[in-house]
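> Please see the structure below; I have some questions.
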Amino acid sequence: MGKTDKGEHPLMFDDYTVQQVDPQWLQERVKPKRHIGLTPELCILCRACEDVCPWECIYMMSPSIIKDADSPALTTLAEQSHAVFIIDDNECTRCAICVERCPSDALWLGRVDG
């Protein structure tokens, strides 16, 4: 992910427990079978998605939250990133307000195939 225009990293949270979402659990949910996706190369770390979310379930987290990942590729990716984009799937309603607000079109709404 990129840096701010001044080359600085914005304040990132690091007090969060991260767990991968089980696709089967997501399929069984009553919520819409959609998800919010991120194209990291387009993200400018403006955090507008965090600001506009009515459920306060979007977080830009410090990459240090990914520790002891099962996948070496995931660990490497985290080490190379300036931030980790997290959506609390227990709270997200897939309203897509964050997608509409994103100034760089980095967020998108996708469908979970069943």
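> Given the options ARG47, ARG34, name the one that is among the charged types (D, E, K, R), closer than 20 Å to ALA96 by Cβ, at pLDDT 85 or above and surrounded by 13 or more Cβ atoms within 10 Å (Cβ to Cβ).
Result: ARG47 is the single residue among ARG47, ARG34 that is among the charged types (D, E, K, R), closer than 20 Å to ALA96 by Cβ, at pLDDT 85 or above and surrounded by 13 or more Cβ atoms within 10 Å (Cβ to Cβ).
> Looking only at region 65-90, filter to residues that are within 13 Å of the chain's Cα centre (by Cα) and not aliphatic (A, V, I, L, M); which one of those is surrounded by the most Cβ atoms within 10 Å (Cβ to Cβ)?
PHE85
> For the structure I just gave you, tell me whether CYS98 is part of a loop (DSSP other than H, G, I, E, B) and surrounded by 16 or more Cβ atoms within 10 Å (Cβ to Cβ).
Considered against the rule, which asks whether it is part of a loop (DSSP other than H, G, I, E, B) and surrounded by 16 or more Cβ atoms within 10 Å (Cβ to Cβ), CYS98 comes out as no.
> Condition first: outside any strand (DSSP E or B), free of Cβ contacts under 8 Å to residues at least 60 places away in the same chain, among the small types (Gly, Ala, Ser) and under 19 Å from THR17 (Cα atoms). Can you find one or more residues in region 38-50 that meet it?
No - not one qualifying residue is present in region 38-50.
> Also, quick follow-up: Answer yes if at least one residue in region 55-64 is surrounded by fewer than 11 Cβ atoms within 10 Å (Cβ to Cβ), in contact with an Asp or Glu (Cβ under 8 Å, 6 or more places away or on another chain) and either in a loop (DSSP other than H, G, I, E, B) or at pLDDT 95 or above (or both), and no otherwise.
Within region 55-64, one or more residues are surrounded by fewer than 11 Cβ atoms within 10 Å (Cβ to Cβ), in contact with an Asp or Glu (Cβ under 8 Å, 6 or more places away or on another chain) and either in a loop (DSSP other than H, G, I, E, B) or at pLDDT 95 or above (or both).
The values are calculated or read from the model by the stated rules, or taken from the named source; none is laboratory data. Owing to the predicted nature of the structure, the values given are computational and were not obtained by experimental measurement. When we count neighbours, we look across all protein chains shown, and the Cβ atoms used for this are built from the backbone with ideal geometry, even at glycine.
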